């Protein structure tokens, strides 16, 4: 059965966990709290990598019980990120999570040839949204890693998003490749990319899902809009996955869902040997926990 809510996602992750999560630069109260939540929920066993004296001081000040967590010293956040990826490469951790460290430094370790976490796949961000009045989760990609993807990169963005949907029990996800219009227009390059992706899926170059595009946002998710515009498609009106034309459009769409529609978000970076969790400082406590649950499902 497909997972349709975050409550179902958390329950499924509990059944699959606990997994070992290594946190880079874990000397931050919010990050430690998210780690504790995952531990208490039965999702994770936690390794905090960072400034151990600071970690202990924060735990004491906040009243956090970190007695079950392993602590690994790394004074500089960049070193903490490297040590976390090394733990994954040695099979001592299943998931890597960003703490108080720059995203670029965190990903640099995952991309290092020396540590061997690269799989040949493009690293892409996949966000899952639980939106009021929707009967399913909606996935958006890429809103966090690939800035201005070309057609080749968009193929991998689509394939990675399908992979995440499969992990949540959606056997044949419907993928809408978004553009400003549902009509192919040579003056709008994103519509050409969308049409190419659709044809590539028809020919088996993208596998595991139904892909159609270009589709505008309204007719991608609204059956009524698709009907009014006369769009005949297995995807139009019922999309599970929305592929943004670039990171700016994806980021704006994701934040619009969160702040205008009161949607809840979980996010993960896929393409490495392990799931990579990159929580934002503005993410809620629940968002961090659900992101970790998503990572557990993919680990």
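The numbers here are math on the coordinates, done by the rules we state, and not lab data. Bear in mind the structure is a predicted one, so any value in this text is a computation, not a measurement. Cβ coordinates were reconstructed from backbone atoms using ideal geometry, including for glycine residues, and neighbour counts include every protein chain displayed.
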Q. Any idea how far apart residue 57 and residue 286 come out in nm if each label point goes 7 Å out from Cα toward Cβ?
A. 3.4
(Q) Using a Förster radius of 51 Å, what is the FRET efficiency between residue 200 and residue 29 based on their Cβ-Cβ separation? Nearest 0.05, please. (A) 0.65
Q: Compute the long axis of helix 29-40 from its Cα atoms, compare it with the longest principal axis of the Cα atoms of the chain, and write down the angle in degrees, 0 to 90, nearest 10.
A: 90
(Q) Full-extension gain between residue 119 and residue 150, please, as 0.36 nm times their residue separation minus the C-alpha to C-alpha distance. (A) 9.2 nm
**Q.** Calculated SAXS-style log₁₀ I(q)/I(0) at q = 0.07, 0.11 Å⁻¹ - the chain, Debye, Cα scatterers
**A.** -0.27, -0.64
Q. With labels modelled as points extended 7 Å from the Cα through the Cβ direction, what inter-label distance (nm, one decimal) is found for residue 218 paired with residue 192?
A. 2.7
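For the chain, what is the percent of antiparallel DSSP beta bridges, rounded to the nearest 5?
Of those bridges, close to 30 percent are antiparallel.
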**Q.** Angle in degrees between helix 189-202 and the longest Cα principal axis of the chain, rounded to the nearest 10
**A.** 90
Q.
Of all beta bridges DSSP finds with both residues in the stretch 127-260, what is the antiparallel percent, to the nearest 5?
A. 25
Q. Quick one: if you stick a label point 7 Å off each Cα along the C-beta vector at residue 37 and residue 111, how many nm between them?
A. 2.9
Q: Kindly state, to the nearest 0.05, the FRET efficiency for residue 183 paired with residue 246, given R0 = 22 Å and r defined as their beta-carbon distance.
A: 0.70
Q | Percentage relative contact order, the stretch 127-260, counting C-alpha pairs under 8 Å, at least six apart | A | 33
**Q.** Computed [θ] at 222 nm, deg cm²/dmol, the chain (DSSP H ≥ 4; -39,500 (n - 2.57); rounded to nearest 500)
**A.** -13000 deg cm²/dmol
Q: Using only alpha carbon pairs under 8 Å that are at least six residues apart, calculate the relative contact order of the chain and give it in whole percent.
A: 22
